[in-house]
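Before any comments, here is the structure.
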Amino acid sequence: MSLKAVFTKHTLDFKFEAGTSRGVLTHKDSYFVKIFDHENPSVFGLGECSPLKGLSIDDRPDFDLQLLSICENFNTLDLEVYPWNLNIILDQVLDKTFPSIVFAFETAMLDLMNGGKRVVFNNAFAKADRKININGLVWMGNKDFMLKQIDEKLALGYDTIKMKVGAIDFKKECEILAYIRERYDENKINLRVDANGAFSIHEVFSKLQKLAEFKLHSIEQPIKQGSVDLMAELCQNTPIPIALDEELIGIREYTDKYKLLKKIMPQYIILKPTLLGGFQQCREWIENANRLKIGWWLTSALESNVGLNAITQFTAEFNNGMPQGLGTGQLFYNNIPSPLEISNGKIFHNTENAWDLGILEFLI
């Protein structure tokens, strides 16, 4: 056996203009890595690297060239992969400054070891024996657009709604939250909000106090990453549980993870394998969070169904009953057809649906 890696690019088109505090998204580039034994190329593992513009540390204009260079180097090493050496390859062969590429290679090698059938973790979810609770995501936009999304999510059976805040007028955002609470109290519907670091240091305390009126489950990243002392103060005095998201990006050493969490002591952390560098990195965050009694959940980061499938199977490795952030696969016109399906606020494998990779054109 000698492993080879090739990749291809696919642009995902949104069904609507997806607003965040960092701008509006209409499309997103994803790169798909195929890893196979050169003597048996028909059996392959598949992974996705899908950096987020303006957020991922490997969002750079020469990403294509860097991925090509990493694949070419990988192909010269005459590698074989087994469960015992996977993390050695990830740690010593791949460049940690490209977390989305590490995630793609890790996914593809796990898939290959499980027979190249898009089974990354051979657990109950992959076998269609488990469903996972997820939150319904409401994107930023004008008030009517956001209210329409909320009504749709509630009608689809979600009991946890996550709303992006920080881009439109704060008063209008509060009116939208009030609209939900007038119809459903906190015992019926959990409300999460995600500020993506949009609140300034001068207004964050007053905005948290106002948001607390709506009995929120949590708020993600109220201020920009990097203000560790202020974030620690917020987490100590907040009227709403705070979840760190962007704050975790770029921290790769196990001990540094522990130091950050112990310093800030957030109520929750949110784990995105594409941004953090794959599953082993997420396991380290989970271990540290558990030591400090900090809650956590996993979230996709606008990957196609390839990446979402891997993250969902990874989620099923844990007994975490909190609603996860795994509903983004429905956002695109031209997603990769897969067995993933969402119904009544849960994601699961529908065995009547199959993978169709026909729109991915690899050179080999």
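The values are calculated or read from the model by the stated rules, or taken from the named source; none is laboratory data. Everything quoted here is computed from the prediction, not taken from an experiment. Virtual Cβ from ideal backbone geometry, glycine too; neighbours counted across all protein chains shown.
Report those helices (runs of 4 or more DSSP H) wholly inside segment 264-354 carrying at least 1 residues which are among the small types (G, A, S) and modelled with pLDDT of 95 or more.
Where helices (runs of 4 or more DSSP H) fall fully within segment 264-354 and carry at least 1 residues being among the small types (G, A, S) and modelled with pLDDT of 95 or more, they are 279-291, 305-315.
What are the residues in segment 317-339 that are touching a residue at least 24 places away in the same chain (Cβ under 8 Å), surrounded by fewer than 21 Cβ atoms within 10 Å (Cβ to Cβ) and within 15 Å of F125 (Cβ to Cβ), if any?
Selection gives E317, F318, N320, G321, S338, P339.
Kindly establish whether E220 is touching a Phe, Trp or Tyr at 6+ places or on another chain (Cβ under 9 Å) and of a type in the set (D, E). Before the answer, list the steps.
On the way: touching a Phe, Trp or Tyr at 6+ places or on another chain (Cβ under 9 Å): yes; of a type in the set (D, E): yes.
It is true that E220 is touching a Phe, Trp or Tyr at 6+ places or on another chain (Cβ under 9 Å) and of a type in the set (D, E).
With the condition kept exactly as written, say whether any residue in segment 214-222 is small (G, A, S) and modelled with pLDDT under 95.
No, every residue in segment 214-222 fails to be small (G, A, S) and modelled with pLDDT under 95.
Condition first: under 22 Å from the mean Cα position of the chain (by Cα), modelled with pLDDT under 90 and not in a strand (DSSP E or B). Now tell me which residues in segment 129-152 satisfy that.
Across segment 129-152, the qualifying residues are W139, G141, M146, Q149, I150.
Yes or no, residue by residue, for (1) assigned to a loop (DSSP other than H, G, I, E, B); (2) in contact (Cβ under 8 Å) with a residue 24 or more places away in the chain; (3) outside the structural domain of H217 (by TED's automatic domain parsing):
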position	(1), (2), (3)
F105	no, yes, yes
F121	yes, yes, yes
L154	no, yes, no
Y158	yes, yes, no
I161	no, yes, no
Y179	no, yes, no
K188	yes, yes, no
